[in-house]
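Taking it in order: structure first as structure tokens, then the write-up.
What follows draws every value from the coordinates through simple rules; no lab data is involved. The structure presented is a predicted model; accordingly, all values stated were derived computationally and were not measured. Every residue, glycine among them, receives a Cβ derived from its backbone with ideal geometry; neighbour counts consider all protein chains shown.
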Amino acid sequence: MLLNPGRMMKATIIIKPSTLFAFHRALVKKKYQRLFGSTRKGKPGPKGPEMELIRLILELKQRNPAYGCPKIALLVSNRLGININKDVVRRILALHYKPDPSNHSGPSWLSLIGNTKNSLWSIDLFRCESITFKSHWVLVVMDQWSRRIIGFGVKLEPVNGPALCRMFNQAISTNCTPKYISTDHDPLFKFHRWKANLRILDVDEIKTTPFTPISHPFIERLIGTIRREFLDRIFFWNSLDLERKLNQFKDYYNQYRVHSALDAETPSEYGGEIHSKLINLEHYSWKSHCTVLYQTPTLA
């Protein structure tokens, strides 16, 4: 016995019979586990795929979301010579694969329409303050395919239908008109004069999805770039001064500022308007932009 007979009566007050039975069952279970249990770690059964193969399958699915399990299994067999069942691929994806919410199964309608130069322009308005704290509205127009800034229209507030038309015509004055214009649901784009102006120019208007900024991403990102990289770092006095400085930024943005989304090319290079030449590390100079706000290397 584990207990002194003198303490047995005291222990019965604390220890119940069910506690002893549970303790006894635990000891018996432990005994048989040690006698007949396997010394191998992990669950018994056939060995699964190697981690390198699992990583390859996951990367295949991430790079090709439309691929199904049979196609992935066939591709692995064709490229690597490893025969793998489609059900094994399905179990791997079910256990490890987490779809990227930003990775859509296909292009958006705006991307599909704007896959060629000047087929789709995106436009939007934003407001900025002069050095004398007067609010100015800026209409920015960009080509969605090449990310090229078409132009700016500037107006001291307020903005109505006729003023919006003048700003738009000012922004596109040196360019041909596109087939489509993408706008959001701002009430300013619902003026009768605005819609009449588009009919005269033979331009079809495409509205973005309400309350969904991702449906109008390029122009929204461009406005953020203009604010962060330019307007937040300069002062302007009036509408003419703002227009002149925005045109300086447009030249820098289109011809000299490279974009990761355009394979490290500028919008003008991507659109085929200019062709840059490689500089020589021994003979080059620097070109200033936006009143020495930015400097880029150029041919000497």
What pairs in K190/K250; K195/K245; K195/K287; K190/K245; K61/K277 have C-alpha atoms more than 31 Å from each other?
K195/K287; K61/K277
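Could you compute the FRET efficiency for R166 and I234, with r as their C-beta to C-beta distance and R0 at 35 Å, rounded to 0.05? Present the calculation step by step, with values, prior to reporting the outcome.
Details: r = 25 Å, r/R0 = 0.70.
According to the calculation, E is roughly 0.90.
Could you list R233, R148, R227 so that the one with the fewest beta carbons within 10 Å of its beta carbon is first and the one with the most is last?
On the way: R233 10, R148 23, R227 13.
Sorted ascending by nearby Cβ count, the order is R233, R227, R148.
Stretch K86-Y67 to full length: gain in nm at 0.36 nm per residue minus the Cα-Cα span?
Values: separation 19, 0.36 × 19 = 6.84 nm, distance 1.19 nm.
5.7 nm is the gain from fully extending K86 to Y67.
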Hydrodynamic radius by Kirkwood for segment 137-208, inverse mean 1/r across distinct Cα pairs, in Å, is 12.5
At 20 °C and 1.002 mPa s, the Stokes-Einstein diffusion coefficient in µm²/s for segment 110-270, with hydrodynamic radius from the Kirkwood sum on alpha carbon pairs, is 133
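At a Förster distance of 35 Å, what's the computed FRET efficiency of E265 paired with C176, Cβ-Cβ distance as r, to 0.05?
Values: r = 22 Å, r/R0 = 0.64.
Taking R0 as 35 Å, the efficiency between E265 and C176 is 0.95.
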Based on the alpha-carbon set only, what is the convex hull volume of segment 253-299 divided per residue, in Å³?
81
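What relative contact order, as a whole-number percentage, does segment 51-96 give when Cα pairs under 8 Å and 6 or more residues apart are counted? Working shown, then result.
Working: 26 pairs, mean separation 17.0, N = 46.
This gives 37 percent for segment 51-96.
Based on the alpha carbons, how large is the Rg to Rh ratio for segment 51-96 when Rh follows Kirkwood? Walk me through the intermediate numbers first.
Numbers: Rg = 9.2 Å, Rh = 10.3 Å.
Rounded to two decimals, Rg/Rh equals 0.90.
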Calculated FRET efficiency for the pair L95/A22, C-beta based, R₀ 45 Å, to 0.05
0.80
Point-to-point label distance, T225-R244, nm (Cα→Cβ direction, 7 Å offset):
2.5
